[in-house]
Amino acid sequence: MLKINNIEVAYLNVIRVLHGVSLGVPDGQIVTLLGANGAGKTTTLKAISGLLHVEEGEVTDGNIEWNGERIDKKNAEYIGRLGIVQALEGRRVFEHLTAEENLLVGAFHRKDRSEVKNDLEMVYNYFSRLRNLRNNTAGYLSGGEQQMVVIGRAMMARPKLMMLDEPSLGLAPLMVDEIYSIIRRFNEDQKTSVLLVEQNVRIALSIAHYGYVMENGRVVLDGTADFLKNNEDVKEFYMGLS
Ligand code: ATP
């Protein structure tokens, strides 16, 4: 289980962007982090995966625990080896590598080559489209296919917690549905926990068990997906309904 206890995060020592954020991701659950641009969702993911220092950010107060172990002072490599894997925002594929080479990058630290082969097969079972595209150059795949590669690459690391940053961004609705149904299936089959950052509240709540709404670096509301779907504020401000 991941637990974030009251963390504060600042960039460059001065720009304070998280002001006491607490949240939890129980084993096997899909938890979504919702909120407008700039609310602090991506910063929260970076704090978990140990990537803040890349932008001279740091957790200045509070702590992050993974199965009881404090990880907020650990580096990204160590955190990755614990099974916490982030698929980065913006569909970052290695453009000049093939789709399959991109997937294999996700398993680079693993020595069990035959297991890696099995996992490639597993990824192709989830993303059957990628099986046919395996030898294509990733840079020429469509946006949705690249997103599949990014998520498939995270799956190849055998994550215990998979963190996804806006998997629906810029994709056509049918592609979003396809990708989301695969995320749900992966969670159900593998019991992998998922922490999902989304601006598309409707789709995120369609698969999540629990959600947190962030505003200006704080959690302002949290509850089960059903509770949030029926909450008037969520409907009005985030789903465009009143
Ligand atoms: P988005 O959906 O736009 O990515 P977000 O909720 O993920 O939004 P963050 O990217 O975490 O929000 O940004 C939170 C705040 O931190 C914003 O005000 C942003 O300008 C600021 N911020 C993010 N990265 C940095 C950085 N490297 N240096 C300084 N400020 C930053």
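The values are calculated or read from the model by the stated rules, or taken from the named source; none is laboratory data. Values in this document were obtained by computation on a predicted structure and should not be read as measured data. Cβ sites come from the backbone with ideal geometry, for glycine too, and all protein chains shown count toward neighbours. Surface accessibility is based on the protein's heavy atoms, side chains included, excluding ligands, DNA and RNA. Shrake-Rupley method; radii C 1.70, N 1.55, O 1.52, S 1.80 Å.
On the full set of protein chains, 1.4 Å probe, figure out the accessible area of I84 and give it in Å² to the nearest 10.
10 Å²
Under the classification rounded if a/c is under 1.5, otherwise prolate if a/b is larger than b/c and oblate if not, where does the stretch 1-107 fall, given a ≥ b ≥ c as square roots of the Cα gyration tensor eigenvalues?
It comes out prolate by the Cα gyration axes.
Kindly identify the stretch 42-95 as rounded, prolate or oblate by the Cα gyration tensor criterion: order the square roots of the eigenvalues as a ≥ b ≥ c, call it rounded if a/c is under 1.5, otherwise compare a/b with b/c, prolate if a/b is larger, else oblate.
Numbers: a/c = 2.25, a/b = 1.44, b/c = 1.56.
Oblate, since a/c reaches 1.5 and b/c is not below a/b.
Before rounding to the nearest 500, sum -39500 (n - 2.57) across all DSSP H runs of length at least 4 in the chain and divide by the residue total; then give [θ] at 222 nm in deg cm²/dmol. Mind dumping the intermediate values first?
Working: 9 runs with 84 residues, N = 242.
Result for the chain, helices only: -10000 deg cm²/dmol.
Taking 0.36 nm per intervening residue step and subtracting the Cα-Cα distance, what contour gain separates E236 from E178 on full extension? If you can, show how the numbers build up before the last one.
On the way: separation 58, 0.36 × 58 = 20.88 nm, distance 2.65 nm.
Stretched out fully, the E236 to E178 stretch lengthens by 18.2 nm.
What ranking of M156, M175 comes out by heavy-atom accessible area, probe 1.4 Å, highest first?
M175, M156
Give me the accessible area per residue for the chain, probe 1.4 Å, as a whole number in Å².
The answer is 48 Å² per residue.
Given +1 on the Cβ of Lys and Arg, -1 on the Cβ of Asp and Glu, and no further charges, what dipole in debye does the chain carry about its Cα centre, rounded to the nearest 20? Could you put the intermediate results ahead of the total?
Numbers: 27 positive and 32 negative charges, 123 e Å.
It works out to roughly 600 debye.
Express in % the proportion of alpha carbon pairs of the chain at distances exceeding 30 Å.
24 percent
With point charges of +1 on the Cβ of Lys and Arg and -1 on the Cβ of Asp and Glu, referenced to the Cα centre of the chain, which listed residue (Q199, V31, A76) lies farthest in the positive direction of the dipole?
Farthest towards the positive end: A76.
Assuming 0.36 nm per residue, please report the length gained on full extension of the stretch Y140 to S22 beyond their Cα-Cα distance.
Fully extending the segment from Y140 to S22 adds 38.5 nm.
Would you rank H109, H19, H53 by solvent-accessible area, highest first, keeping every protein chain in place and using a 1.4 Å probe?
I get H53, H109, H19, largest accessible area first.
Label K73 and N125 with points 7 Å out from Cα along Cα→Cβ: what is the distance between them in nm?
Here the answer is 4.2 nm between the modelled labels.
Tally Lys and Arg at +1 and Asp and Glu at -1 over the other residues with C-beta under 14 Å from the C-beta of V201: what net charge comes out?
The answer is -4.
Antiparallel as a % of all DSSP beta bridges within the stretch 114-234, to the nearest 5?
Values: 6 of 11 bridges.
Restricted to the stretch 114-234, the bridges split so that about 55 percent are antiparallel.
Around V9, what is the net charge, scoring Lys/Arg as +1 and Asp/Glu as -1 over all other residues with Cβ under 15 Å from its Cβ?
-1
Report, in debye and to the nearest 20, how large the dipole of the stretch 1-87 comes out about its Cα centre when Lys and Arg carry +1 and Asp and Glu carry -1 on their Cβ.
On the way: 8 positive and 10 negative charges, 23 e Å.
Dipole about the Cα centre, nearest 20: 120 debye.
Give the ranking of F227, F127 by solvent-accessible surface, highest area first, calculated with a 1.4 Å probe.
F227, F127
Count charges around W66 for me, please; just the other residues with Cβ under 12 Å from its Cβ, Lys/Arg as +1, Asp/Glu as -1.
Working: positive: K3, R70, K74, R81, K160; negative: D27, E65, E69, D72.
With Lys, Arg at +1 and Asp, Glu at -1, the neighbours total +1.
What length, rounded to one decimal in nm, is gained on full extension from R110 through to D189, with 0.36 nm per residue of separation minus their alpha-carbon distance?
In short, 26.3 nm is gained.
Where a Cα-Cα gap under 23 Å defines reach, which lysines qualify for K160, not counting those fewer than 8 residues away within the same chain?
In chain and number order, the partners are K3, K41, K46, K73, K74, K111, K117, K191.
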